[in-house]
Amino acid sequence: MRLAVFFQGSPLDSVAAPLTQERGIPPHLVNVFGLASILGAIDRATERHGVSEVSLTVFLHPAQISPYDVEKQKEEVSAYHQLLAGCDYPTKFINPVLRQIEGAPPSMALQAEADFIYFVEGDSIHDEGSLSDMLLEYKLLSEDHSQDIVVTPFDPSDLYKAPHPSQVLAGSHRYWRTVPHCSRTLLMHKKTFLRFAEVFEYDIRQFDKAPAKSGNELAPILRLIPCFGPMPALGVSLRASEPSPFTAQVYPKWFNQAEVRLQRVVVPPKSRRAPDERSTSL
């Protein structure tokens with residue numbers, strides 16, 4: 001099984017959420033935690049779910065890095081490079097701050113070679129087993145649908161505040177239900193990606209023009225195909241004002257998993273060497 005992961009950084013004005021503030025994480029490092037979190041999920045998927053090939057593209061939002069604080073710029077970009085240096089699969093780092101973009105995001109040729117495509121928002125945190133579970137359950141969920149489906153690791157908290165129609169299916173480890181809306185964090189089969197490639201390309205290109213708009217550009221897709229989310233959640237968007245029930249009990253563990261990876265891979269700022277100019281856009 002071949003997997004392509006496309007990590008989309010989120011702008012600074014969208015990451016000052018209560019879930020990060022209570023952990024004492026500065027806004028310029030929220031996306032770094034998100035990357036560390038998804039790298040742990042990729043590792044688990046390659047170990048336990050037969051993912052044989054992985055490619056990872058990290059695309060930063062132009063408004064993600066503060067242009068007024070050079071030290072924060074260096075700290076964040078250096079952390080990205082150190083995390084990616086520990087990957088044993090192809091990675092691509094795209095920093096549009098100086099309009100230095102390699103190719104058209106996303107790289108259609110690269111993504112089309114994969115069996116599954118996973119779009120991940122930077123300001124989100126995930127259980128290390130999230131990707132394994134999503135890949136495992138995708139086959140089960142798709143068997144009941146002749147059409148395309150997409151899968152998200154999130155369980156939106158607002159769905160518990162008012163009744164809404166949904167289809168609920170029993171998976172191997174948890175229940176999955178159709179959700180009427182979700183963010184940009186979506187797992188899909190290659191055929192689904194290719195069917196809506198123009199929509200996804202347009203959605204990503206908007207990152208070079210304006211801040212993210214909570215996945216509004218993807219709304220037409222979700223009106224055409226079902227989106228399944230797990231109960232309980234396998235991840236949480238840090239823009240959420242509050243996590244869904246049950247998620248509040250486990251998401252601190254996801255932060256801890258990401259923090260352990262950061263401490264193991266990223267050199268503390270005071271002892272960090274300047275990043276290699278050949279491998280950074282700044």
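How many residues are modelled with pLDDT under 60, open to solvent by 50 Å² or more (accessible area, probe 1.4 Å) and not in a strand (DSSP E or B) when one looks only at segment 81-120?
Selection size over segment 81-120: 8.
Taking Ser132 as meeting all but one of (1) buried (at least 19 other Cβ atoms within 10 Å of the Cβ); (2) in contact with a Pro (Cβ under 8 Å, 6 or more places away or on another chain); (3) over 22 Å from Ser10 (Cβ atoms), write down the number of the exception.
If we test Ser132 against (1) buried (at least 19 other Cβ atoms within 10 Å of the Cβ); (2) in contact with a Pro (Cβ under 8 Å, 6 or more places away or on another chain); (3) over 22 Å from Ser10 (Cβ atoms), just (2) comes out false.
If the Cβ limit is 6 Å and pairs must be 6+ apart or interchain, which residue in segment 118-129 that is under 23 Å from His189 (Cβ atoms) pairs with which residue that is of a type in the set (Ser, Thr, Tyr) and open to solvent by less than 10 Å² (accessible area, probe 1.4 Å)?
Partner pairs satisfying both residue conditions: Val120/Thr185; Glu121/Ser10; Glu121/Thr185; Ser124/Thr185; His126/Ser37.
With open to solvent by 30 Å² or more (accessible area, probe 1.4 Å), under 17 Å from Gly122 (Cα atoms), at pLDDT below 85 and acidic (Asp, Glu) as the only criterion, which of Asp203, Asp144, Asp158, Asp208 stands out?
Residue meeting the stated conditions: Asp208.
Output the qualifying pairs, or none if there are none: Cβ atoms under 7 angstrom, residues six or more apart or on different chains, first residue in segment 247-266 and over 19 Å from Asp88 (Cα atoms) and in a helix (DSSP H, G or I), second residue among the hydroxyl-bearing types (Ser, Thr, Tyr) and open to solvent by less than 40 Å² (accessible area, probe 1.4 Å).
Trp254/Ser37; Gln257/Ser37
Which of the residues that make up segment 211-246 are at pLDDT below 55 and open to solvent by less than 20 Å² (accessible area, probe 1.4 Å)?
Gly215
More than 16 Å from the chain's Cα centre (by Cα) and hydrophobic (A, V, I, L, M, F, W, C) - does that describe any residue in segment 178-187?
Taking every residue of segment 178-187 in turn, at least one turns out to be more than 16 Å from the chain's Cα centre (by Cα) and hydrophobic (A, V, I, L, M, F, W, C).
The values are calculated or read from the model by the stated rules, or taken from the named source; none is laboratory data. In this text, all values refer to a predicted model and were calculated from it rather than measured experimentally. Positions of Cβ are backbone-derived with ideal geometry, glycine not excepted, and every protein chain shown enters the neighbour counts. Quick note on the areas: whole protein, heavy atoms, side chains included, nothing else; ligands and nucleic acids left out. Shrake-Rupley method; radii C 1.70, N 1.55, O 1.52, S 1.80 Å.
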